[in-house]
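This report concerns only the one structure given below.
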Amino acid sequence: MRTLIRFIQKYSNLLLFILLEIIAIVFIVQSSNFQRSKLVGLNRQVTGYLFSKVDGAREYFSLKEVNQQLAYENVELRNKLGQISELMDSATVVSDVQHSIHYFYVPSRIVHNSISKQLNYITLDKGKKHGVFRDMGVISDQGLVGIVLESSHNFATVIPVINRDFRLSVKIKSNNYAGILQWEGVSPQQAILTEIPFHVNILESDTVLTSGFSSIFPEGIRVGKIESFSLEKGNFYDIKIKLSTDFQSLFHVNVIRNYRQEEQLNLEDRTR
């Protein structure tokens, strides 16, 4: 109480001035419709501004939940489109889902990611309990990510494109010539494409896609674009690829489950 009295005594002149200003404003507003409308309009502007800032802050803090929801919705749509496509290509419709669709996508979140090593790897928050096993492909909305190396009950590790041990068959979109994608260990934004013969017509900025020549990835997933090429090693091009996936900002991915992978691999093993 004494503190309040001392405060009033110290700032008595200022408080009296504020009180008189408020009284004057009240008299002005009550005596003039024009002034009253101006004050109401100002009050609405201030209130609207404050509410917009509060809503903006609330929306920002909810982005993580929104992104998670969008990621799951994208996977659900991808699975439905894949199922529709398979049924349209099939002459007969079967009831078993594992026979009626070719690929199924499992949404996952990255819990660990390295980009500065020669043998980078990614850890996902999905494992065997969720249907994620070794040698499954991993993609994102940006494009190719990598291949599952191992999985436990709840987690899985992935060899990304930016790992020196990564190899995959890919193709150039404009001419369908296929080569091997690999990483030189220099930049997380670049890879190289080998085994493209010198007689092939190549253009910079041409798109590179998965070839579909493995049982891991379907055909046509974005890999990147041709950044430069040369013929320094004889009969094959040295092609540098600008990767479409930004591994540093990667968060949500999809694991690809190929229901026909085992059948294909068993047949190929018997053939060999």
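The values are calculated or read from the model by the stated rules, or taken from the named source; none is laboratory data. Since the model is a prediction, treat every value here as computed from it, not as a measurement. Counting neighbours? That spans all protein chains shown, and the Cβs are built from the backbone with ideal geometry, glycine included.
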Quick check: is even one residue across the range 252-272 β-branched (Val, Ile, Thr), over 23 Å from Ile122 (Cα atoms), loosely packed, with under 14 Cβ neighbours inside 10 Å and in the same structural domain as Asp165 (by TED's automatic domain parsing)?
-> yes
Top-ranked residue of the range 168-196 - restricted to ones that are of a type in the set (S, T, N, Q) and out of contact with any Lys or Arg (no Cβ under 8 Å at 6 or more places or on another chain), ranked as surrounded by the most Cβ atoms within 10 Å (Cβ to Cβ) = Ser169
Over the range 137-167, the set of residues surrounded by fewer than 21 Cβ atoms within 10 Å (Cβ to Cβ), farther than 19 Å from Ser249 by Cα and not polar (S, T, N, Q) is Leu149, Glu150, His153, Phe155, Arg164, Asp165, Phe166, Arg167
Candidate set: the range 135-163, residues that are over 16 Å from Leu243 (Cβ atoms) and without any contact (Cβ under 8 Å) to a residue 40 or more places away in the chain; chosen: the one nearest to the chain's Cα centre (by Cα) = Thr157
Restricting to the range 173-196, what's the tally of residues that are part of a loop (DSSP other than H, G, I, E, B) and of a type outside the set (Asp, Glu)?
-> 12
Mind checking whether some residue in the range 197-207 is among the aliphatic types (A, V, I, L, M), farther than 24 Å from Gly137 by Cβ and surrounded by 13 or more Cβ atoms within 10 Å (Cβ to Cβ)?
-> yes
So which residues in the range 171-213 are of a type in the set (Asp, Glu) and under 24 Å from Leu250 (Cα atoms)?
-> Glu184, Asp206
